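Presented below is the structure to which this report refers.
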Amino acid sequence: MDATSDQAYTAVSSGEFHNLALKADGSLWAWGKNENGQLGNGANVDEALPIRVGQALYQQVSAGGAHSAAIDRDGRLWTWGQNTYGQLGDGGVDTTDVPKHIMAGTQFIAVAAGPYHTAAIDAGGNLWTWGGNAYGQLGDGTNLTQSMPQKIDVWDVGLTPLKFTQVAAGTTNTAAITESGDLYVWGWNGYGQVGDGSAADQSTPVKIAGPGYAHVSINEWHGLAVKQDGSLWAWGSNCCGQIGNEPKSDAATLVQVGAPGTYRHAVAGRWHSAALNRDGGLRVWGDNSYDQLGQRCEQEYCSISVPSGLAF
């Protein structure tokens with residue numbers, strides 16, 4: 001089978017300069033920059049067209065800055081690519097150009113690769129983090145780099161740690177949603193990207209106000225979250241209108257962008273944002289200097305500070 005076959009793609013993830021995509025049959029495909037082996041094909045040659053990554057079948061993928069992570073159909077976790085900060089979680093710092101199985105014997109349901117660190121959730125709902133930790137983004141209460149996965153226990157009420165269902169990894173932050181729909185964020189807070197209303201960095205998970213979260217995405221300096229009721233919320237840096245509201249100022253607490261019943265999914269780019277409506281429509285906003293909003297920019301700098309519909 002090749003990348004042009006009639007098998008539908010079911011998932012895609014973009015890193016800094018590379019992309020990963022899953023097909024319906026579970027095959028994993030990669031293309032783009034490959035100087036750190038992040039394409040996972042055993043070479044360090046850039047690929048302009050999708051190439052298959054081994055023969056294993058996968059259920060989830062995540063492209064980091066220059067590394068990759070994936071969960072196969074048996075729940076096993078694999079990582080490959082750059083490992084300068086221990087972001088592969090194999091106990092070392094050597095680059096790996098083919099998928100490497102980590103945490104043998106543990107099954108996983110979610111993984112998120114950031115530029116310098118990685119986070120994952122096992123089948124029991126336990127949260128694990130590893131890699132770069134200069135801003136406390138691992139959530140272990142320190143700023144120490146970790147080349148092995150660290151279990152991050154979070155308590156709210158009672159003696160049992162919370163169970164998580166979704167996780168997102170940004171440049172200097174991490175966010176996760178519990179099985180009860182609570183949102184936790186931690187890491188650097190220079191632009192309010194923790195969302196707790198303070199300017200202090202947080203090296204352990206902080207519960208964010210409001211219940212009923214269903215999806216979260218974070219990137220460079222801002223985050224987006226969709227609640228179960230379809231409302232969209234944003235926080236952090238608003239330098240380019242990526243929060244999606246007026247006036248264009250940073251938000252240290254979550255700001256509602258979309259009314260209930262409107263959205264079902266959202267993705268935070270570096271300085272722009274995109275979201276899918278429940279009716280199938282696509283909306284984009286934020287920095288448009290390189291036409292990343294799908295609308296021609298005729299000036300040196302362009303931005304759209306409120307969600308704008310995009311038609312194909």
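Here are a few things to note about the model shown:
- Neighbourhood net charge (9 Å Cβ-Cβ; Lys/Arg +1, Asp/Glu -1) for residue 238: 0
- Rel. contact order, % - alpha carbon contacts under 8 angstrom, at least six apart, region 79-224: 19 percent
- Shape of region 144-204, Cα gyration tensor, a/c cut at 1.5: oblate
- The chain: Lys pairs at Cα distance under 27 angstrom, eight or more positions apart or on different chains: 13
- Counting Lys and Arg as +1 and Asp and Glu as -1 over every other residue whose Cβ lies under 11 Å from the Cβ of residue 44, the net charge comes to -3.
- Length gained on full extension, residue 289 to residue 276, computed as 0.36 nm times the residue gap minus the Cα-Cα distance: 2.5 nm.
- Cα-based shape type of region 12-143, given that a ≥ b ≥ c are square roots of the gyration tensor eigenvalues and the cut on a/c is 1.5: oblate
- With K and R counted +1 and D and E -1, the other residues having a Cβ less than 14 Å from that of residue 68 yield a net charge of -3.
- Alpha carbon centroid spacing (whole Å) that separates region 238-295 from region 111-133: 25 Å
- Label corresponding to Cα Rg over 2.2 N^0.38 Å when calculated from the structure given, among (1) 1.04; (2) 0.96; (3) 1.09: (2)
- Debye, to nearest 20: dipole size of the chain, +1 on Lys, Arg Cβ, -1 on Asp, Glu Cβ: 440 debye
Rule-based calculations on the coordinates, nothing more; no lab input. From a predicted model like this one, the values you see are computed outputs, not experimental measurements. Quick reminder, even Gly has a Cβ in these numbers, built from the backbone with ideal geometry, and neighbours come from all protein chains shown.
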